[in-house]
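Structure record follows, encoded as structure tokens.
The values are calculated or read from the model by the stated rules, or taken from the named source; none is laboratory data. Not measured: the values here are computed from a predicted model. Glycine also receives a Cβ, built like all others from the backbone with ideal geometry; neighbour counts cover every protein chain displayed. Calculation scope for accessible area: heavy atoms of the full protein, side chains included, ligands and nucleic acids excluded. Shrake-Rupley method; radii C 1.70, N 1.55, O 1.52, S 1.80 Å.
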Amino acid sequence: TVIIPLLKENSVSICLSSQVGCVMGCSFCATARMATRRNLAAWEILDQFAQARAIVRAQGRRVTGAVFMGMGEPFLNFRNVITAAKWLHFPVRDAISGKAITISTVGLVREIEEFTNLNLPFRLSISLGAATDEKRARLVPVAAKTPVQTVIAAARRHALARRDRVNLSYVCIKDENVSIEDARALAQLIGDTPVRLD
């Protein structure tokens, strides 16, 4: 669990884990090397948030957002992640705005479609890693079993159905995915998809 300071003074977002370990095998992530792997229960996800919020309040700051971008692939623990997000958004004191809750995935298309169909107020983020199938196969090998064009098509359908943007997360790795050719491939891949690149 990570407390992330925001530009707005005294405001933070909480980065939440959805699993212990991860099976996605991303080459740049230490979590992929953990031996123990399991889904977190919804209450364990919420407990992360509660403990982090207590620290934040003791510092005189406040939590204004939550992101499911910690350990694990959130969409492999779909039901518990959605349940936890709904509780964070439950309309009581200190509830988190739906648009301030982001769920990240490395690009599991079936789950993206299911998430789209639920029509929830939460935002979607896709960890791209690279703009070509060849490089994604090295950086995010499990996710790369699905062509990157198929992932972007799912992102486009989500954005149009929700009338909202999709965030694309791109980890910049020296000598791997930051060349001019990579930038051109990314621009061509995205095209007119309503996304924000982080």
Residue-normalised accessible area of segment 52-198, expressed per residue, 1.4 Å probe, Å²: 50 Å²
Within the accessible area of the chain (1.4 Å probe), percent carbon and sulfur: 55 percent
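In debye, nearest 20: dipole of the chain around its Cα centre with unit charges on the Cβ of K, R (+) and D, E (-)?
I would put it at about 480 debye.
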Helix 42-58 axis, angle to the chain major axis (alpha carbon atoms, nearest 10°): 70 degrees
DSSP bridge orientation in segment 1-158 - percent antiparallel, rounded to nearest 5: 35 percent
Helix 78-89 vs. the chain, principal-axis angle (Cα, 0 to 90°, nearest 10): 50 degrees
For segment 97-147: rounded, prolate or oblate by the Cα gyration tensor [a/c cutoff 1.5]: prolate
Cα centroid separation, segment 155-188 to segment 21-84 (Å): 23 Å
Structure-derived volume of the Cα convex hull per residue in Å³ - corresponding label in (i) 167; (ii) 139; (iii) 125: (iii)
Options Val178, Val142, Phe90, ranked by Cα towards positive dipole end of segment 57-198, top entry (Cβ charges): Phe90
Proximal aspartates and glutamates relative to Lys174, as straight alpha-carbon distance under 16 Å, when same-chain residues fewer than 8 apart are discounted: Asp182
Gained length - Arg93 relative to Trp43, 0.36 nm times residue gap less alpha-carbon distance: 16.1 nm
Beta bridges by DSSP in segment 95-198, antiparallel share as percent, to the nearest 5: 0 percent
Angle between the chain longest axis and helix 109-118 axis [Cα atoms, degrees, rounded to 10]: 40 degrees
Lysines whose Cα lies under 17 Å from that of Lys86, excluding same-chain neighbours fewer than 8 positions away: Lys99
Summed residue charge, Cβ within 14 Å of Thr193's Cβ, Lys/Arg positive, Asp/Glu negative: +4
Cβ charges +1 (Lys, Arg) and -1 (Asp, Glu), total dipole of segment 98-186, debye: 320 debye
Label point at Leu6 placed 7 Å out along Cα→Cβ; residues across segment 151-186 whose backbone nitrogen lies under 20 Å: 164-169
